[in-house]
Every structure is written in structure tokens, then in C-alpha cells.
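A short write-up of the structure that comes next.
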Amino acid sequence: MTQELVPLARTLSLPYYENALPAHDQFHAKRVRDVALRLADTCDRPVDRGVLAAAAWLHDIGRPRERSGEIDDHDEWATAEAAGLLTAESVPTDRIEAIKHCIRTHSIRSSSP
């Protein structure tokens with residue numbers, strides 16, 4: 001599924017980035033994916049690179065809606081939206097949960113008390 005999950009996540013994410021500012025567009029998502037995978041190479045524990053890359057593609061799909069005022073928290077919205085998209089594509093639940101965790105915790109806002 002790793003080989004299928006990453007292209008699927010990329011394909012699913014692209015429409016959400018159509019109206020994004022350059023700081024949070026599809027190229028940003030690709031850069032995040034690249035950096036995340038390089039960091040994974042330095043881990044001394046196993047990392048599900050497919051989950052990591054998929055989460056990178058999907059992590060900012062809510063940014064344009066947050067910017068326009070439609071939603072207040074792009075992390076929470078993107079977490080729910082990504083879960084729905086991936087569920088519709090029959091991605092295994094354990095991988096969806098791992099992707100949700102990555103998306104939900106990616107921003108500094110979610111890591112601050």
C-alpha cells in the first residue's frame with residue numbers, strides 16, 4: 001500500500017491547493033514531504049514512510065479555507081477531511097489514524113499549551 005498511498009494522497013490533495021498562497025501550496029506540501037522523509041532517514045526506529053509522505057501531502061489542505069475565514073483551524077479541518085477522503089478510498093484504518101495524528105500535530109499551534 002505504501003506505493004499506492006503516496007500517489008493517492010498527492011492526487012487527493014491537489015484540488016485543495018488550487019487557491020492556496022505560495023507559502024502553503026502544493027509545492028510547499030512537496031517540500032514538507034521531502035524534508036519529512038529525510039528526517040525519517042535519521043530516526044533510529046522504524047518509520048512508515050508512506051504514512052509520513054501521505055500526511056505531508058494532506059497536512060495543509062485546509063489552509064485556503066482558513067485564510068478565507070471559512071474555518072478557524074486548518075489542522076482540525078484537514079484531519080477530518082483527509083480521513084474522509086482516505087476512508088472513501090479504502091485506506092486501512094490504522095494508516096488513516098497515523099496520518100490523522102501527523103496532520104493534527106503538524107503546526108506549532110497544536111504543539112503549544
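What follows is calculated from the coordinates using simple rules that are stated; it is not laboratory data. Keep in mind the model is a prediction, meaning the values are calculated, not measured. No Cβ is skipped: glycine too gets one built from the backbone with ideal geometry, and neighbour counts run over all protein chains shown.
For the chain, calculate the relative contact order in percent as a whole number, restricting contacts to Cα pairs under 8 Å that are 6 or more residues apart.
On the way: 127 pairs, mean separation 29.8, N = 113.
It comes to 26 percent, rounded to a whole number.
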(request) Mind running the shape call on segment 9-54? Use the C-alpha gyration tensor, a ≥ b ≥ c as the square roots of the eigenvalues: rounded below 1.5 for a/c, prolate if a/b tops b/c, oblate otherwise. (result) oblate
(message) Give me a comma-separated list of calculated 3J(HN,Hα) values for segment 72-86, in order, Karplus coefficients 6.51, -1.76, 1.60 applied at θ = phi - 60°, integers in Hz, x for any Gly or Pro.
(response) 9, 9, 5, 5, 5, 5, 5, 4, 5, 5, 4, 4, x, 4, 6
(request) Would you calculate the separation in nanometres between label points at LEU21 and ASP41, each defined as 7 Å from the Cα along the Cα-to-beta-carbon direction? (result) 3.2
(request) For GLY62, enumerate residues with amide H under 5 Å from its amide H, sequence gap 5+ or separate chain, H modeled in the peptide plane. (result) ALA78
(request) Report ³J(HN,Hα) in whole Hz for each residue of segment 50-62, in order, from the Karplus equation J = 6.51 cos²θ - 1.76 cosθ + 1.60 where θ = phi - 60°; Gly and Pro get x. (result) x, 4, 4, 5, 4, 4, 4, 5, 9, 4, 10, 5, x
(request) Read through the labelled values (i) 0.95; (ii) 0.98; (iii) 1.07 and report the label of the one computed as Rg/Rh (Cα atoms, Kirkwood Rh) from the structure. (result) (i)
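Net charge within 13 Å of VAL91 by Cβ-Cβ distance, Lys/Arg positive one each and Asp/Glu negative one each, not counting VAL91 itself?
Details: positive: ARG95, LYS100; negative: GLU4, ASP48, GLU89, ASP94, GLU97.
After counting each charged neighbour, the total is -3.
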